[in-house]
Amino acid sequence: MDQNAFVRELEAYQSMLYRVAYTILRDDDACRDALQDAALKAWEKRSTLREPKFFRTWITRILINA
């Protein structure tokens, strides 16, 4: 996955990811930090994503673990 595709996918799910983070953390600053951490980890591990169609599930799992 190249950088442009990664950014497009991340932007497409940004609001959903924020809601997931807020459900867990209940703090805006902590949510933004978690989203940033998840995005960085996902970028570093993007080669582990086998099927691009599963990006949403993959990035959500990374966020929850972050």
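The values are calculated or read from the model by the stated rules, or taken from the named source; none is laboratory data. The structure displayed is predicted, hence computed values, not measured ones. A quick note on method: Cβ atoms are made from the backbone with ideal geometry, for glycine too, and the neighbour counts reach across all protein chains shown. The accessibility values were calculated without ligands, DNA or RNA, using every heavy atom of the protein model including side chains. Shrake-Rupley method; radii C 1.70, N 1.55, O 1.52, S 1.80 Å.
Surface composition of the chain: carbon plus sulfur atoms contribute 47% of the solvent-accessible area (1.4 Å probe, protein chains only, all chains present). Protein heavy-atom accessible surface, 1.4 Å probe, per residue over the chain: 74 Å². Working note: Cα atoms of the chain, range along each principal axis, descending, whole Å: 32, 19, 16.
Restricting attention to region 1-53, which trypsin sites (Lys or Arg not before Pro) occupy a DSSP loop and are surrounded by at most 10 other Cβ atoms within 10 Å?
Numbers: sites: ARG8, ARG19, ARG26, ARG32, LYS41, LYS45, ARG46, ARG50, LYS53; in loops: ARG26, LYS45, ARG50.
The qualifying sites are ARG26, ARG50.
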